[in-house]
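Take a look at the structure below.
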Amino acid sequence: LMYIRRFFTGLEIYKKLAAAVVPALLIGFLAYPFIKGVLFNPVVVSVSLILGGIVLIMADKKLTGKTSRRAGLETIPLKNAFYIGLAQCVSMIPGVSRAGATIVGGVFNGFDRKQATEFSFLLAVPTMLAASGYDLLKTPLAFNKNEIILLSAGLLTAFAAAWIAVKLFLAVIKKSGFYYFGWYRILIGVVFLVLIGMKVI
């Protein structure tokens, strides 16, 4: 909804998003059992938070004083859009931010901070529709009244939380870049590892 107008600027943006979503569709389908069965544990999440924070700090340094190599989102070559999609696949590891992964991918493929962030959120639409739809198909749901109420409550809560989080995220990026967000991830990851060591989680 924040970027809905960008979907009515022409067909070219859809070509770029289609190229970028292909890796997630392929790898997500093939790796789904491994991701759900092996990677969902607190240690993986904690380490991913820390490593992701380091990558964001490095990306922020790369952006310092740099201007975009792209005139707009639509001008990125299809192969570079595909590379951004490959970067997004790293976020299938729990604890890796999907937005962070695609923003870093965008930065290393010629976008500036604003363009990379915008492309990341546009790419979220087909990616999350596919991922959520596939997850629902693989989950044994009867879609009875109780489950529909629970899913609806979860959807509305996630929408509200995401709206607030994205607004804050964009405000921080506009003012300070990825630097502080990177250190925030590192701090949270370290705290989680300490709690795991203390057997709190």
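The values are calculated or read from the model by the stated rules, or taken from the named source; none is laboratory data. From a predicted model like this one, the values you see are computed outputs, not experimental measurements. Methodologically, a virtual Cβ is constructed for each residue, glycine included, from the backbone with ideal geometry; neighbour enumeration extends over all protein chains shown. To get the accessible areas, we keep the full protein, side chains included, count just its heavy atoms, and leave off ligands, DNA and RNA. Shrake-Rupley method; radii C 1.70, N 1.55, O 1.52, S 1.80 Å.
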- Query: Failed condition for Ile201, given (1) in contact (Cβ under 8 Å) with a residue 24 or more places away in the chain; (2) open to solvent by 90 Å² or more (accessible area, probe 1.4 Å); (3) closer than 22 Å to Arg98 by Cβ, with all others met?
  - Reply: (3)
- Query: Does Thr67 satisfy the criteria of being farther than 22 Å from Met128 by Cα, open to solvent by 20 Å² or more (accessible area, probe 1.4 Å), free of Cβ contacts under 8 Å to residues at least 40 places away in the same chain and among the hydroxyl-bearing types (Ser, Thr, Tyr)?
  - Reply: no
- Item | Members of region 168-181 found to be part of a helix (DSSP H, G or I) and surrounded by 11 or more Cβ atoms within 10 Å (Cβ to Cβ), listed by number | Leu168, Phe169, Leu170, Val172, Ile173, Lys174, Ser176, Tyr179, Tyr180, Phe181
- Residue within region 152-163 that is closer than 19 Å to Ala19 by Cα and surrounded by 12 or more Cβ atoms within 10 Å (Cβ to Cβ) present: no
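I'd like the full set of residues that are under 15 Å from Asp60 (Cβ atoms) and open to solvent by less than 50 Å² (accessible area, probe 1.4 Å), limited to region 182-197.
Within region 182-197, Gly182, Arg185, Ile186 meet the criteria.
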- If we scan region 136-157, do we find a residue that is part of a helix (DSSP H, G or I) and in contact (Cβ under 8 Å) with a residue 60 or more places away in the chain? yes
- Note on the structure: Checked Leu73, Leu56 against criteria (farther than 23 Å from Gly189 by Cβ, aliphatic (A, V, I, L, M) and crowded, with 18+ Cβ neighbours inside 10 Å); the one match is Leu73
- Message: Residue pairs, Cβ under 8 Å, 6 or more apart or interchain, first in region 162-190 and in contact (Cβ under 8 Å) with a residue 24 or more places away in the chain and farther than 13 Å from Ser46 by Cα, second open to solvent by less than 100 Å² (accessible area, probe 1.4 Å) and of a type in the set (Asp, Glu). List them.
- Response: Gly177/Asp60; Phe178/Asp60; Tyr179/Asp60; Gly182/Asp60
- Message: When the residues of region 105-124 are narrowed to those that are at pLDDT 90 or above, assigned to a helix (DSSP H, G or I) and touching a Phe, Trp or Tyr at 6+ places or on another chain (Cβ under 8 Å), which ends up surrounded by the most Cβ atoms within 10 Å (Cβ to Cβ)?
- Response: Gly106
- Pairs only if they're at least six apart or on different chains, beta carbon under 7 angstrom, first in region 104-128 and within 12 Å of Lys16 (Cβ to Cβ), second not in a helix (DSSP H, G or I); list them, first residue then second. Asn109/Ile76; Phe111/Ser68; Phe111/Arg70; Gln115/Ser68; Gln115/Arg70; Glu118/Tyr3; Phe119/Phe111; Leu122/Tyr3
